[in-house]
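As structure tokens, the structure follows; a few thoughts come after it.
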Amino acid sequence: MRRVSLTRIAALALGTAMLLTACGGPSSSSPDPNTSQVPTDSTQPISYKSELNIGIAANPPSLDPHGINSNIVGGIGMHIYEPLFSLNANYEAVPVLAEGYTVSEDGLVYTITLRQGVKFHNGQEMTADDVVASMNLWLERCSKAELISGSTFAKVDDYTVTLTVPEASSDIIMVLAAPIQFAAIYPKSAVDAAGPDGVTEYIGTGPYQLAEWKQDQYVKLTRFADYQSPEGESSGLVGEKSAATETIYFRVVADNATRIAGFQAGQYDIIEDLPLERYEELSADPNLVMDVETGGTLNLFFNTTQGPLANQTLRQAVLAALNCDDILLAAYGDPNLYTLNPGWCPPDDAVWGSDAGSEYYNQNNVEKAKELLAEAGYNNEPIVLVTTPDYSEMYNATLVVQDQLKQAGINAQVEQYDFTTFMEHRSDPAQFDLFITSNSYNPLPVQLSVLSQPWAGLDAPEVSEGIAAIRSAATTEEASATWDELQGFLYEYGAATVLGHYTGVYGLRAGVEGFDYLRYPIYWNVKVPA
């Protein structure tokens with residue numbers, strides 16, 4: 001197929017920028033009566049807990065990853081569901097529920113063979129009917145599927161499907177393998193029963209099945225006894241998935257102090273969204289291990305379609321007022337845990353790293369902001385920043401942005417909500433002017449949320465034209481140059497800004513085995529000594 005090298009080079013470049021490490025160490029936790037005995041080469045067996053307790057910061061708004069662009073939905077969901085393809089540790093697309101595929105001479109038809117004998121959690125075998133129903137629903141609901149809008153899945157036989165795309169491109173399989181809003185395969189019956197907000201029967205083929213979901217308390221997953229793991233060494237989101245611990249609890253603990261206290265006391269084996277101002281303190285505790293991962297970017301998004309910020313000059317006034325160093329320090333607490341850089345992709349990515357638009361980044365120029373406000377005819381209209389205290393880095397950054405805008409003469413007002421309500425407001429241009437989110441890196445820049453119209457309402461022909469040009473580029477160099485132009489446009493237009501690049505920190509009790517990370521924390525191979 002034409003231009004295959006572009007996707008592979010891009011994936012390898014990002015993979016290099018995001019090499020991952022696993023954590024481990026000596027166990028110091030107290031025995032748990034609810035454990036399993038695992039024999040080893042030594043004379044003494046190792047006892048492992050049968051429950052893995054993970055402290056998370058927010059209640060998931062759904063457990064349907066198709067339509068929800070949220071780390072918590074995807075992170076839990078990937079343990080329940082599986083896609084046709086996903087990413088290995090080198091950010092290469094690898095079959096999961098697919099067995100393989102071929103591409104027609106014109107690059108428009110992908111024939112995908114399916115693994116046989118794979119069962120859903122309801123005991124039914126996965127067949128082409130389930131895949132076609134699920135994938136066509138994903139094409140309809142997922143903003144990441146906009147890249148292949150107009151595509152269709154169809155059944156050939158029980159274990160073969162076709163994907164017909166409107167135009168040839170080298171990145172089709174990478175689009176299907178994207179882990180955010182991933183293309184989960186559901187039973188056809190669940191798809192048929194889905195409403196306008198997606199499926200409500202959370203049934204997949206993954207190593208864990210949903211046992212119970214108590215809103216604002218926990219999501220309980222249990223090992224799926226009939227799970228058929230993909231073959232091959234575990235690598236990123238593909239390969240062997242052992243479901244090493246029988247039960248996983250994702251426990252919702254919105255208060256940071258409470259979550260950390262429970263972690264220190266051994267109530268939680270792992271905590272996500274560790275407040276970075278506690279990083280140094282917790283790192284000094286010999287009973288704890290801090291797993292540091294290169295995460296992504298902290299971003300400020302503008303409502304470009306309605307309200308005061310539909311005025312481009314006013315958006316530029318906001319950009320002029322921002323002091324990103326102060327914003328990031330408030331968000332992450334330690335300069336070692338963030339990087340100032342305007343790029344939407346990893347700065348050291350050989351293909352997609354870019355400083356285009358840097359003249360609009362981190363200006364910290366209050367006088368320029370005031371001049372632009374006057375030019376825009378700004379008359380003290382309220383500028384509403386929506387946020388959620390459930391994620392401290394987003395919340396703290398929002399408060400500093402509010403203060404900086406006020407200093408420039410902007411009537412900035414903050415509205416705070418629980419995470420689910422925040423996501424509802426964020427997706428409705430009638431209910432926000434600005435919002436901040438932390439967004440993990442994507443394998444390809446064309447998959448960035450900032451380029452997706454449903455994310456913040458951005459609707460400019462330069463975006464769709466830029467995406468098309470990147471995807472049709474004949475060489476890596478041409479694609480890289482086109483991305484430079486598109487990133488520069490985002491800043492000049494005032495669509496959004498990167499505030500900086502963050503490092504994610506996950507807290508593990510000493511002795512936790514098998515923890516990994518690729519776009520999300522991966523728990524299916526985790527074991528915790530008792």
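Tabulated results
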item: The stretch 49-269: Cα Rg divided by the 2.2 N^0.38 Å rule of thumb; result: 1.04
item: Under the Debye formula (equal points on every Cα, no solvent term), log10 I(q)/I(0) of the stretch 45-178 at q = 0.17, 0.19 Å⁻¹; result: -1.00, -1.20
item: Whole-number Å³ per residue for the convex hull built on Cα positions in the stretch 293-504; result: 107 Å³
item: Phi to ³J(HN,Hα) by Karplus 6.51 cos²θ - 1.76 cosθ + 1.60 over the stretch 240-245, Hz, x for Gly, Pro; result: 4, 10, 8, 6, 5, 10
item: Under 5 Å, built H, 5+ apart or other chain: amide partners of ALA412; result: ILE383, LYS406
item: Cα gyration tensor, the stretch 323-422 - rounded (a/c under 1.5), prolate or oblate; result: oblate
item: Spin-label pair GLU246/THR164, simplified geometry with 7 Å Cα→Cβ offset, distance in nm; result: 5.0 nm
item: Gained length - THR222 relative to GLU424, 0.36 nm times residue gap less alpha-carbon distance; result: 69.7 nm
item: Shape call, the chain: gyration tensor on alpha carbons, a/c limit 1.5; result: oblate
item: Integer Hz, Karplus 6.51/-1.76/1.60 couplings in order for the stretch 147-164, x for Gly and Pro; result: 4, 10, 4, x, 7, 8, 9, 9, 7, 9, 8, 4, 10, 9, 10, 10, 10, 10
item: Amide hydrogen neighbours beyond the local backbone of ASN341, cut-off 5 Å, H modeled; result: HIS501
item: Projected label distance in nm at SER283 and GLN413, using a 7 Å step from Cα toward the beta-carbon; result: 4.2 nm
item: Size-normalised alpha-carbon gyration radius of the stretch 160-231, reference 2.2 N^0.38 Å; result: 1.40
item: Gain on full stretching of the segment that runs from GLU125 to ALA481 - 0.36 nm per residue minus C-alpha separation; result: 123.5 nm
item: Whole-Å semi-axes of the stretch 115-205's equivalent ellipsoid (Cα gyration tensor); result: 21, 16, 12
item: Nearby aspartates and glutamates by direct alpha-carbon distance to LYS370 (threshold 20 angstrom, same-chain neighbours under 8 apart not counted); result: ASP326, GLU359, GLU381, ASP403, ASP433, GLU492
item: Cα-based radius of gyration of the stretch 392-491 once divided by 2.2 N^0.38 Å, which approximates compact folds; result: 1.30
item: Estimated FRET transfer efficiency (GLU367, ASP255; beta-carbon r; R0 41 Å; 0.05); result: 0.50
item: Too-long pairs where the Cα-Cα distance tops 19 Å, listed order kept, from LYS119/LYS214; LYS49/LYS214; LYS155/LYS188; LYS368/LYS406; LYS214/LYS241; LYS241/LYS527; result: LYS119/LYS214; LYS49/LYS214; LYS214/LYS241
item: Net charge of neighbours whose Cβ lies under 13 Å from the Cβ of VAL118, counting Lys and Arg as +1 and Asp and Glu as -1; result: -4
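Throughout, read-outs are computed from the coordinates displayed, never taken from laboratory work. Nothing here was measured: the structure is a model prediction, and the numbers come from that model. Cβ: placed from backbone, ideal geometry, glycine included. Neighbour counts: every protein chain shown.
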